[in-house]
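Enquirer: Got a structure for you, questions after.
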Amino acid sequence: MNPRPPAAPAPDDAAWTGAARRATANADVRQLLRSARRRRHARWLAAGMVAVALGAATVVLYQTGTFDRLFGDEPVPKAKTGAQPAAPHKGPMFDPARPFDSTPAADWADGADGIAAPPARAVNGFSPEQVKTATEQVRDLLVASRLDRRMLIDHDPAGFLAKLAPDARRQLSPLFGAGREPEVQSLVSMVAKGNALLPAEPKVDGEMSVAAGDAGELLVHTNYVFVYPFQPEGPTRLVDAMNMLVVVRADVDYVLRDGDRWTSGSQGLWYGDATGYAYSIGCAAYRNGYLAPAASERSVTANPNREPATYFDPSSPLPKTSGCPAR
């Protein structure tokens, strides 16, 4: 599912920093695209927990390198199903009125309140005022890409794309609405059709930091976990809350480019390396670039080697195993 160069590279393939040294004011975009094609190495993982009819909660983990193949990790064997009785449920039942109760996200901030810009300071030739403006722009970009219901529900990328540099916008636009959504899922969250979010705001935890890039660049690193509450279908009895919550971790670098080094179309925010995972996810929807709860799945896989609470921790190492079988 890699984009067909040079018009629209995959969003997690942007290794712009090395290319900046070789770019000129008139040829920067062309050079950046060539560099991106040489250095496709970012990854994106997904994990899911799926309920069996009598009540066993299990986990699936899905990892892709450029959204089109597994990086050598073998799928975790499917759990045996059939007439075997499920173990009695011991966890909390899901309450749509308080969907995050008894999860690590219970006390997290709601929605945009969980995204805070760091204190402004001079970095790499950018003044504190410029850094403050840049981090506020990145914060708005995260809200537009992960929390705004125009993106989440309507799959309308206009608000998100408008906050990027014109040339970055031009590259990402073809990935929406044309069956290429898996190529951009490291940058945005979209709910699969036929699924509904609860009115409660998603819970958010994580941090943002700034660092120097090459000349004329400011690197803004974001590392956040978003927890989305889904509406159960009918009077379904659920094993526990994780059957209707989807956890998305997104480690994404954004790069602000400014100055005569860059053409007018390249000045502004660009996407950089993007890494992360989705946990407690419906694999069928995820393969198509969308989010759906684990309760939407009928098959069951398991990953007994990772503590579920670590998926809520933005500082925890990224998982290395895969659970959703390749099609």
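The values are calculated or read from the model by the stated rules, or taken from the named source; none is laboratory data. All of these numbers come straight from a predicted model, not from anything done at the bench. Virtual Cβ from ideal backbone geometry, glycine too; neighbours counted across all protein chains shown. Side chains included, ligands, DNA and RNA excluded: accessible areas come from the protein's heavy atoms. Shrake-Rupley method; radii C 1.70, N 1.55, O 1.52, S 1.80 Å.
Enquirer: Of the conditions (1) in contact (Cβ under 8 Å) with a residue 40 or more places away in the chain; (2) in contact with a strand residue (DSSP E or B) (Cβ under 9 Å, 6 or more places away or on another chain), L175 clears all except one; give me its number.
Expert: (2)
Enquirer: Still on this structure: Could you please let me know if Q185 is more than 20 Å from P96 (Cβ to Cβ) and not hydrophobic (A, V, I, L, M, F, W, C)?
Expert: Yes: the conditions hold for Q185.
Enquirer: Follow-up. Checking L164 against (1) more than 15 Å from the chain's Cα centre (by Cα); (2) touching a residue at least 40 places away in the same chain (Cβ under 8 Å); (3) part of a helix (DSSP H, G or I), only one condition comes out false. Which one?
Expert: Failing condition for L164: (3).
Enquirer: Identify, please: which residue in segment 158-183 is basic (K, R) and under 25 Å from Y277 (Cβ atoms) and is, among those, most open to solvent (accessible area, probe 1.4 Å)?
Expert: So, considering only residues that are basic (K, R) and under 25 Å from Y277 (Cβ atoms), the one most open to solvent (accessible area, probe 1.4 Å) is K163.
Enquirer: Would you point out which residue out of A97, A120, A134 is assigned to a loop (DSSP other than H, G, I, E, B), at pLDDT 65 or above and either under 28 Å from V210 (Cα atoms) or in contact with a Pro (Cβ under 8 Å, 6 or more places away or on another chain) (or both)?
Expert: A120
Enquirer: Another question, then. For segment 195-212, how many residues meet the condition of being touching a Gly at 6+ places or on another chain (Cβ under 9 Å), within 23 Å of A292 (Cα to Cα), open to solvent by 10 Å² or more (accessible area, probe 1.4 Å) and outside any loop (DSSP other than H, G, I, E, B)?
Expert: So the answer is 3.
Enquirer: Residues in segment 233-247: is at least one assigned to a strand (DSSP E or B), touching a Pro at 6+ places or on another chain (Cβ under 9 Å) and surrounded by fewer than 23 Cβ atoms within 10 Å (Cβ to Cβ)?
Expert: no
Enquirer: Please specify each residue of segment 169-194 satisfying the condition of being among the polar types (S, T, N, Q) and in contact with a Gly (Cβ under 8 Å, 6 or more places away or on another chain).
Expert: Listed by number, the residues that qualify are Q185, S186.
Enquirer: Identify all residues within segment 166-185 that are among the hydroxyl-bearing types (S, T, Y) and modelled with pLDDT under 95; write none if there are none.
Expert: The answer is none; no residue qualifies.
Enquirer: Next up: Looking at (1) more than 26 Å from E217 (Cα to Cα); (2) open to solvent by 10 Å² or more (accessible area, probe 1.4 Å); (3) of a type in the set (G, A, S), find the lone condition where G111 falls short.
Expert: Answer for G111: the failing condition is (2).
Enquirer: Separate question: Report yes if some residue within segment 145-156 is modelled with pLDDT of 95 or more, under 15 Å from V252 (Cα atoms) and out of contact with any helix residue (DSSP H, G or I) (no Cβ under 6 Å at 6 or more places or on another chain); otherwise report no.
Expert: Scanning segment 145-156 turns up at least one residue that is modelled with pLDDT of 95 or more, under 15 Å from V252 (Cα atoms) and out of contact with any helix residue (DSSP H, G or I) (no Cβ under 6 Å at 6 or more places or on another chain).
Enquirer: Would segment 251-264 turn up any residue that is in contact with a helix residue (DSSP H, G or I) (Cβ under 9 Å, 6 or more places away or on another chain), more than 22 Å from F126 (Cβ to Cβ), in contact (Cβ under 8 Å) with a residue 60 or more places away in the chain and open to solvent by less than 40 Å² (accessible area, probe 1.4 Å)?
Expert: Among the residues of segment 251-264, not one is in contact with a helix residue (DSSP H, G or I) (Cβ under 9 Å, 6 or more places away or on another chain), more than 22 Å from F126 (Cβ to Cβ), in contact (Cβ under 8 Å) with a residue 60 or more places away in the chain and open to solvent by less than 40 Å² (accessible area, probe 1.4 Å), which makes the answer no.
Enquirer: Here is a check on your reading of the model: is S186 in contact with a helix residue (DSSP H, G or I) (Cβ under 9 Å, 6 or more places away or on another chain) and either open to solvent by 10 Å² or more (accessible area, probe 1.4 Å) or part of a strand (DSSP E or B) (or both)?
Expert: no
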